[in-house]
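Inspection log for the structure reproduced underneath, given as structure tokens.
Just so it is clear, none of the values below were taken in a lab; they were calculated from the coordinates. As the structure is a computational prediction, the values presented were derived from the model and not from experiment. All Cβ positions, glycine included, derive from the backbone under ideal geometry; neighbour counts span all protein chains shown.
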Amino acid sequence: MESAASCNILNCDPNHTGGPERLMQNCANMKTIAIIGASNDRHKFGNKAVRAFLQQGYQVYPVNPKESTIEGLIAYASIAAVPVRPKMISVYLPPQVLLKLLPEIAGKGCDELWLNPGTESDAVLAEAERLGLNVVQACSIVGVGLDAHTL
């Protein structure tokens, strides 16, 4: 379970009611996702994912070293810079780029690492397994119950 110190208090319990136990339960129940390869281009899946997860009530952490904001959210330069351990990480990067980031992803931790179509390769899958990551090979937008083509 995440500690209260690793969770953004304002996002977990804006009124700070119920004491530390309530705060930790709220943090543990939050739907959080980091989207690596998030984009400001609304035609790209990295942007559609940000919008899809926001629509479904997730706390979204866009990751893109070239952007300062995406869809009005702070964009983080790396997964290590994200201020929480997200429940999910969804990736929109080519396999050769992702392969280099897998140790950093493992260091941050997540319950599920979603490899969207085009991000996976035999090398990525082998390294993710070696690092103990729980990989889901599927479109995360569809996984959250939306159609990317309607976003």
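Tell me, in nm to one decimal, what length is gained between Glu71 and Lys44 on full extension, where the rule is 0.36 nm per residue of separation less the Cα-Cα distance?
Contour length minus Cα-Cα distance gives 8.5 nm.
Give me the distance in nm between label points sitting 7 Å out from Cα along the Cα-to-Cβ direction at Val135 and Asp122, one decimal.
So the two model labels end up 1.2 nm from each other.
Just in the stretch 34-124: which trypsin sites (Lys or Arg not before Pro) are loop by DSSP and have at most 10 other Cβ atoms within 10 Å? Each step should come with its number before you reach the end.
Working: sites: Arg42, Lys44, Lys48, Arg51, Lys66, Lys87, Lys100, Lys108; in loops: Arg42, Lys44, Lys66, Lys87.
Sparse-neighbourhood loop trypsin sites (Lys or Arg not before Pro): Lys66.
As an exercise, use a Förster radius of 30 Å and the Cβ-Cβ distance of Lys100 and Thr150 to find the FRET efficiency, rounded to the nearest 0.05.
That pair, Lys100 with Thr150, gives E of 0.35.
Residue farthest toward the positive end of the dipole of the stretch 56-151, with Cβ of Lys/Arg at +1 and Asp/Glu at -1: which of Leu146, Ile70, Trp114?
After comparing all options, I get Ile70.
Distances longer than 19 Å among the Cα atoms of the stretch 31-150: what percent of all pairs is that? Walk me through the numbers on the way to the answer.
Values: 2734 of 7140 pairs.
Every Cα pair in the stretch 31-150 considered, those over 19 Å come to 38 percent.
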